[in-house]
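The values are calculated or read from the model by the stated rules, or taken from the named source; none is laboratory data. If you're wondering where the values come from, they're calculated on a predicted model, not measured in any experiment. Every residue, glycine among them, receives a Cβ derived from its backbone with ideal geometry; neighbour counts consider all protein chains shown. Protein only, heavy atoms only, side chains kept; ligands, DNA and RNA dropped before computing areas. Shrake-Rupley method; radii C 1.70, N 1.55, O 1.52, S 1.80 Å.
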Amino acid sequence: MKKVLFLPTLLILLATSTFAKITVEVGIKGGLSMGRFKNYSQKESKLSDVGGQFSFKMGGGAGLVGKMWFNKFVGIGAAAEFNQGGNIAERKTYASGGLHIYNRDTRLNYITIPVVAHVGWGNDRLRVYGTVGGYYAFAINGKDKVTEEVDNILLDDYEVDADFDNVYKRHDYGIRFGVGTEVIVSENMKHAITFDMTYDWGFGEVYHDGYTTDKYHITNSRTLIHVGYVYRFGNLKTDEGKKK
């Protein structure tokens, strides 16, 4: 009988000990978003007929965030974010008329849901951690601004809504990784400021151009730099066992 009772008692004690260490955080964050397409259409370079040389499109982002820390070193997190992404593409060609420059400035606005794990180091007031996990994103809208010129003579300049039926795809997914830090800023241990720098490496193709028969393999990438605030629940004791 004692052996029968031992295992469930041990499990209860382990669960109680684990849950007693859990800290839950909810908060907000915001900052910069830098998007750029990754072009695998040509293995030897970043150049292709779809847009030429790709460069970063600057934007902003914000979101609601939730985290659960099992101890000072390991936790999980999820968020609901609005992130501006996109791409700036420039193609230069030489023709009979001279130097032809084509520029497409693409802005794509995403709702992004990341789910990640955090692993790092912490003490009573400071936690530094690495982040790794995945994300899913849905493009809610976008804009394309196009300019064309030949030998510094402007031939075309227009802006249109992003064409999600024939040019872009709304769904994006991939992995997220990065680093972050959290600083407790109140005596009662309930308020903290966070700083995160993460990178989204997209796997889903975001450009398909249904107007041509050409095959492209172009995916998303985003660098996010966010500052945030979180409110903390749960185990808020210091190493000395005193509740602040």
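Based on this model, can you work out whether Arg170 counts as touching a Gly at 6+ places or on another chain (Cβ under 7 Å), basic (Lys, Arg) and surrounded by 16 or more Cβ atoms within 10 Å (Cβ to Cβ)?
Details: touching a Gly at 6+ places or on another chain (Cβ under 7 Å): no; basic (Lys, Arg): yes; surrounded by 16 or more Cβ atoms within 10 Å (Cβ to Cβ): yes.
For Arg170, the condition - touching a Gly at 6+ places or on another chain (Cβ under 7 Å), basic (Lys, Arg) and surrounded by 16 or more Cβ atoms within 10 Å (Cβ to Cβ) - is not met.
Take Gly77 and decide whether it is modelled with pLDDT of 95 or more and within 30 Å of Ser186 (Cβ to Cβ). Write out each step before concluding.
Details: modelled with pLDDT of 95 or more: yes; within 30 Å of Ser186 (Cβ to Cβ): yes.
Yes; evaluated as a whole, the condition is true for this residue.
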Self-check item: Extreme residue, nearest to His208 (Cα to Cα), among residues of the range 159-178 that are in a strand (DSSP E or B) and among the hydrophobic types (A, V, I, L, M, F, W, C)
Solution: Val160
Quiz item: What pairs come up if the first residue lies in the range 176-197 and is touching a residue at least 24 places away in the same chain (Cβ under 8 Å) and more than 16 Å from Lys72 (Cβ to Cβ), the second is among the charged types (D, E, K, R) and surrounded by fewer than 16 Cβ atoms within 10 Å (Cβ to Cβ), and their beta carbons are under 6 Å apart, counting only those six or more places apart or on different chains?
Solution: Glu187/Lys244; Asn188/Lys244
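Of all residues in the range 136-156, count the ones that are more than 20 Å from Met58 (Cα to Cα) and either touching a residue at least 12 places away in the same chain (Cβ under 8 Å) or surrounded by 14 or more Cβ atoms within 10 Å (Cβ to Cβ) (or both). Working first, answer last.
Looking only at the range 136-156, we keep the residues that are more than 20 Å from Met58 (Cα to Cα), and these are 136, 148-156.
Of the ones still in play, those that are also either touching a residue at least 12 places away in the same chain (Cβ under 8 Å) or surrounded by 14 or more Cβ atoms within 10 Å (Cβ to Cβ) (or both) are 136, 148-151.
Number of matching residues: 5.
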Exercise. For the range 124-131, state whether one or more residues are surrounded by 14 or more Cβ atoms within 10 Å (Cβ to Cβ), in contact (Cβ under 8 Å) with a residue 60 or more places away in the chain and more than 18 Å from Met197 (Cα to Cα).
Key: yes
Quiz item: With (1) at pLDDT 90 or above; (2) on the phi > 0 side of the Ramachandran plot as the list, and Asn152 as the residue in question, which single condition is left unmet?
Solution: (1)
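Tell me, which residue of the range 203-216 that is assigned to a loop (DSSP other than H, G, I, E, B) and open to solvent by less than 70 Å² (accessible area, probe 1.4 Å) is modelled with the highest pLDDT? So that I can check it myself, show each step before the final result.
Step one: list which residues in the range 203-216 are assigned to a loop (DSSP other than H, G, I, E, B), which gives 206, 208-216.
Okay, now just the ones that are also open to solvent by less than 70 Å² (accessible area, probe 1.4 Å), so 206, 208-210, 212, 216.
On the way: Val206: 88, His208: 74, Asp209: 65, Gly210: 53, Thr212: 48, Tyr216: 71.
Filtering first and then ranking leaves Val206.
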